[in-house]
Amino acid sequence: MMKTIAFIAAIVLPLFNIPLITRIIKRRSSKDLSMHWALGVWICFLLMIPEALRSPDAVWRVFSIMNIVLFTCVLIAVLVYRKGE
């Protein structure tokens, strides 16, 4: 039961990046977000993903994959809407 709850949370938690992405696109600006923060978080996820993919823990693997995919979208939005600011 707890493993199922953790698995669902691993999928749902990274989905909270979607409102951030939509806010950036809607406002056509990402200047309220630090470029250093976005790159720092993304680099940390990137450095953690190889270990997560080797892990026997399915919750950790799913969480890491969801995070790297959705935060890559955040980073792309930040970079696209940051130009010229």
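The values are calculated or read from the model by the stated rules, or taken from the named source; none is laboratory data. Nothing here was measured: the structure is a model prediction, and the numbers come from that model. Positions of Cβ are backbone-derived with ideal geometry, glycine not excepted, and every protein chain shown enters the neighbour counts. Note: accessible area is taken over every heavy atom of the protein model, side chains too, but ligands, DNA and RNA are not part of it. Shrake-Rupley method; radii C 1.70, N 1.55, O 1.52, S 1.80 Å.
Descriptive notes on the structure:
- Probe 1.4 Å, accessible area per residue of the chain, Å²: 67
- For the chain, the longest principal axis of the alpha carbon atoms and the long axis of helix 2-12 meet at an angle near 20°.
- Net charge dipole, the chain: roughly 340 debye, given to the nearest 20, about the Cα centre with Cβ charges of +1 for Lys and Arg and -1 for Asp and Glu.
- Ligands, DNA and RNA aside, Lys31 has an accessible area near 140 Å² when probed at 1.4 Å.
- In the chain, the DSSP-assigned H stretches of four residues or longer account for a calculated mean residue ellipticity at 222 nm of -26500 deg cm²/dmol, using -39500 (n - 2.57) per stretch and the full residue count as denominator.
- With every protein chain in place and a 1.4 angstrom probe, the accessible-area ranking of Thr4, Thr72, largest first, reads Thr4, Thr72.
- Gyration tensor (Cα) of segment 1-45, equivalent ellipsoid semi-axes in angstrom: 27, 15, 5
- Between Ser55 and Val80, the contour length at 0.36 nm per residue exceeds the alpha carbon distance by 5.7 nm.
- Short-range pairs are left out: with C-alpha atoms under 8 Å and at least six residues apart, the relative contact order of the chain is 50 percent.
- Under 13 Å, Cβ to Cβ, from Leu20 - net charge with Lys/Arg +1 and Asp/Glu -1: +2
- Debye log10 I(q)/I(0) at q = 0.12, 0.18, 0.19 Å⁻¹ for segment 24-78, Cα point scatterers: -0.32, -0.62, -0.66
- For the chain, with +1 on Lys and Arg beta carbons and -1 on Asp and Glu, the positive-most of Val41, Ala10, Thr22 along the dipole: Thr22
- Seen against the Cα atoms of the chain and their longest principal axis, helix 58-82 is set at about 0 degrees.
- Using a probe radius of 1.4 angstrom, the carbon and sulfur fraction of the accessible surface of the chain is 75%.
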